[in-house]
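The values are calculated or read from the model by the stated rules, or taken from the named source; none is laboratory data. As the structure is a prediction and not an experimental result, all values here were calculated from the model. Glycine gets a Cβ as well: all are built from the backbone with ideal geometry, and neighbour counts include every protein chain shown. These accessible areas exclude ligands, DNA and RNA; they are computed on the full protein's heavy atoms, side chains included. Shrake-Rupley method; radii C 1.70, N 1.55, O 1.52, S 1.80 Å.
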Protein chains: 2
Amino acid sequence: MVDDRSAGYRELLSELYPHTGRAWVVGVTGNPGSGKSTLCDRLIQHLRARGERVAVVAVDPTSPFSGGAILGDRIRMQRHFDDPEVFIRSVATRGAVGGLSRSAADLARVLDAWGAATVLLETVGVGQDELDVTRAAHTTLVVMAPGLGDDVQAIKAGILECADVFAVNKADREGADVTVRDLELMLALGAEVLSGAEKKTRRHSAASRAVPGASTAFTPAIVKTVATRDEGIAELVDKLDSHRRWLETTDAGRARRAERLHEQLVAFLRDVLAEQAVSALGPAIAEAAARIAAQEIDPYAACDELIARFRRE
Amino acid sequence: MVDDRSAGYRELLSELYPHTGRAWVVGVTGNPGSGKSTLCDRLIQHLRARGERVAVVAVDPTSPFSGGAILGDRIRMQRHFDDPEVFIRSVATRGAVGGLSRSAADLARVLDAWGAATVLLETVGVGQDELDVTRAAHTTLVVMAPGLGDDVQAIKAGILECADVFAVNKADREGADVTVRDLELMLALGAEVLSGAEKKTRRHSAASRAVPGASTAFTPAIVKTVATRDEGIAELVDKLDSHRRWLETTDAGRARRAERLHEQLVAFLRDVLAEQAVSALGPAIAEAAARIAAQEIDPYAACDELIARFRRE
């Protein structure tokens with residue numbers, strides 16, 4: 001399997017590559033309790049209703065403590081398990097740095113080759129992983145729910161900037177309108193900040209939102225949903241579709257796709273480089289660590305030595 | 001400043017290195033709303049009462065949306081701002097991958113050289129960053145509070161395995177005993193899991209907890225606190241001290257310190273390697289991304305080419 005990184009997986013992915021590039025990858029993220037799984041279940045249903053092949057990859061930061069319990073969430077999508085046009089699968093991240101975005105991006109590519117029109121990349125649990133998933137997606141959906149404590153504040157830093165569409169789920173609960181208002185405020189504030197000094201360092205889509213008169217900029221949408229009752233889902237799908245159209249038909253959208261591809265390549269490069277270095281240097285790293293512990297060398301000099309050695313080999 | 005990565009900072013750190021190695025670095029992590037800042041304020045007070053020099057580094061995953069608000073937390077420690085033996089500072093992570101652990105570890109080292117007996121490395125906000133901070137610390141304190149939604153489940157995967165001491169803060173609230181019981185259960189369950197097949201792949205301290213009869217293993221402590229009323233803090237300091245003694249006086253503790261140093265070196269190596277590669281390859285990365293977009297090459301082959309080029313140069 002692709003997420004096992006067994007021998008031959010690179011060859012497999014290379015062979016599949018020419019058959020990819022058609023699927024639309026939607027990252028779905030949000031805090032536990034926001035109802036992501038139920039919402040994904042509804043999204044599958046709506047996408048299937050228009051005849052599309054759909055895949056869901058649930059990215060699970062597995063831990064011996066929480067692994068099992070969190071996977072239980074998948075049960076919410078089980079009515080689709082018998083549908084041959086729906087593929088649902090969990091990927092454990094195994095604590096590998098950067099491993100997640102790679103596994104997720106790779107699996108999305110395989111499902112693209114399989115013919116999925118849409119791949120939902122859902123993050124499971126609380127995680128370091130949202131940004132990685134976002135990086136592998138074309139469109140990012142952030143799911144929130146009122147009354148989850150810190151609400152808008154509890155969204156991880158960095159995620160707000162990446163969100164293309166927000167679902168305020170469980171919108172029948174008290175506080176939903178407050179959550180929507182908070183989000184609108186945050187987005188306005190963010191656009192303000194981004195139009196200032198930081199603009200150049202931010203990613204294109206976020207920055208372009210803030211450019212006055214940039215008619216092609218995508219304004220993040222906010223949709224109220226009650227996934228358990230199928231309310232607001234049609235509108236949500238519509239907003240997600242709008243973002244896809246923006247990506248495909250506008251210059252700003254195309255620029256963002258190109259930028260995302262560049263980011264993915266750099267992230268992939270980082271991972272492979274680190275893997276190769278650790279494997280090539282082998283015991284030299286442990287020796288360097290021992291010398292650092294004995295105060296014979298400082299970590300900066302040790303690192304320089306190791307890198308020089310890796311590049312020479 | 002060290003966290004600015006300006007020219008000369010490596011030289012500065014190399015020069016300081018021989019003067020380091022005495023400070024005890026305590027990572028403080030936990031969800032927003034758990035009262036981490038107030039607890040840190042109390043820890044400063046107790047450590048100062050025994051005459052120690054104390055430093056606090058608040059690691060802030062800055063975002064244009066939440067940056068300002070979260071930094072406001074620092075106000076809870078402001079009564080210590082006039083004390084020359086206390087250093088308090090926020091470090092923004094600027095979204096750099098791996099940048100955080102490096103900044104945090106570097107700053108801890110500078111504060112070590114300054115003569116801090118204890119450096120508290122506090123994570124701010126929700127974050128991908130807890131594990132990085134943990135990696136830079138000798139002892140990890142995880143702060144929880146009852147009634148924060150998913151409680152134990154909401155703790156990020158990976159953190160439970162790293163925790164040496166738990167503070168169940170706001171223990172005067174309803175549900176505190178449930179949180180303590182859940183934690184005890186999770187720890188027992190984790191020990192169970194870790195004594196099985198995964199033991200070898202887990203870090204030493206976590207694994208050694210599960211070894212029957214390993215008298216030197218450190219059993220994570222759980223302390224109920226009410227930071228606002230200074231309750232339980234003396235006991236908390238005591239448990240943190242116990243962990244420090246374990247690290248310094250037992251074979252298992254020393255092995256764990258060595259392992260941590262090794263992990264830090266590998267993480268540092270990853271970062272520096274990626275930095276050097278991105279800088280050395282420059283426009284070649286963008287060219288490769290364009291070729292990937294045009295389906296002329298797959299990302300795996302492109303990455304191999306880039307790495308070969310980096311190593312040759």
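Residues being among the β-branched types (Val, Ile, Thr), surrounded by 21 or more Cβ atoms within 10 Å (Cβ to Cβ) and modelled with pLDDT under 60: count how many of those fall in the range A:71-115. Summing the residues that are among the β-branched types (Val, Ile, Thr), surrounded by 21 or more Cβ atoms within 10 Å (Cβ to Cβ) and modelled with pLDDT under 60 in the range A:71-115 gives 1. Selection of first residues in the range B:254-282 that are under 18 Å from A:Ala267 (Cβ atoms) and more than 7 Å from every other protein chain (Cβ to nearest Cβ) and of second residues that are among the aromatic types (Phe, Trp, Tyr) and open to solvent by less than 20 Å² (accessible area, probe 1.4 Å), restricted to Cβ pairs under 7 Å at least 6 apart or on distinct chains, gives the following pairs, ordered by first then second residue: B:Ala280/B:Phe310; B:Leu281/B:Phe310. If you go through the range A:29-55 and pick out every residue that is open to solvent by less than 10 Å² (accessible area, probe 1.4 Å), outside any helix (DSSP H, G or I) and modelled with pLDDT of 90 or more, you end up with 2. When the range A:116-145 is limited to residues that are open to solvent by 10 Å² or more (accessible area, probe 1.4 Å) and at pLDDT 90 or above, the one that is nearest to the other protein chains (Cβ to nearest Cβ) turns out to be A:His138. Put simply, of B:Ala217, B:Ala191, B:Ala197 the only residue that is modelled with pLDDT under 90, within 14 Å of chain A (Cβ to nearest Cβ) and buried (at least 16 other Cβ atoms within 10 Å of the Cβ) is B:Ala191. Limited to the range B:260-286, what total is found for residues that are among the acidic types (Asp, Glu) and over 10 Å from A:Ala274 (Cα atoms)? Selection size over the range B:260-286: 2.
For the range B:146-175, the set of residues classified as modelled with pLDDT of 75 or more and farther than 30 Å from B:Asp106 by Cα consists of B:Pro146, B:Gly147, B:Lys170, B:Ala171, B:Asp172, B:Arg173, B:Glu174, B:Gly175, listed by residue number.
Whenever a residue of the range B:161-184 is more than 14 Å from chain A (Cβ to nearest Cβ) and under 16 Å from B:Phe218 (Cβ atoms), its partners that are among the aromatic types (Phe, Trp, Tyr) and surrounded by fewer than 24 Cβ atoms within 10 Å (Cβ to Cβ), lying with C-beta atoms within less than 8 angstrom and at least six residues away or across chains, give the pairs B:Asp164/B:Phe218.
Residue by residue, here is whether (1) in contact with a strand residue (DSSP E or B) (Cβ under 8 Å, 6 or more places away or on another chain); (2) at pLDDT 95 or above; (3) open to solvent by 60 Å² or more (accessible area, probe 1.4 Å) holds:
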| position | (1), (2), (3) |
| --- | --- |
| A:Val237 | no, yes, no |
| A:Glu248 | no, no, yes |
| A:Arg254 | no, no, yes |
| A:Asp271 | no, no, no |
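Within the range B:286-313, the only residue that satisfies the criterion of being more than 16 Å from A:Arg309 (Cα to Cα) and under 32 Å from the mean Cα position of the chain (by Cα) is B:Cys303.
Summed over the range A:285-299, residues that are assigned to a loop (DSSP other than H, G, I, E, B) and open to solvent by less than 70 Å² (accessible area, probe 1.4 Å) total 3.
For A:Ile222, state whether it is touching a residue at least 24 places away in the same chain (Cβ under 8 Å), of a type in the set (Val, Ile, Thr), more than 14 Å from every other protein chain (Cβ to nearest Cβ) and in contact with a Phe, Trp or Tyr (Cβ under 6 Å, 6 or more places away or on another chain). When the stated conditions are applied, A:Ile222 passes them.
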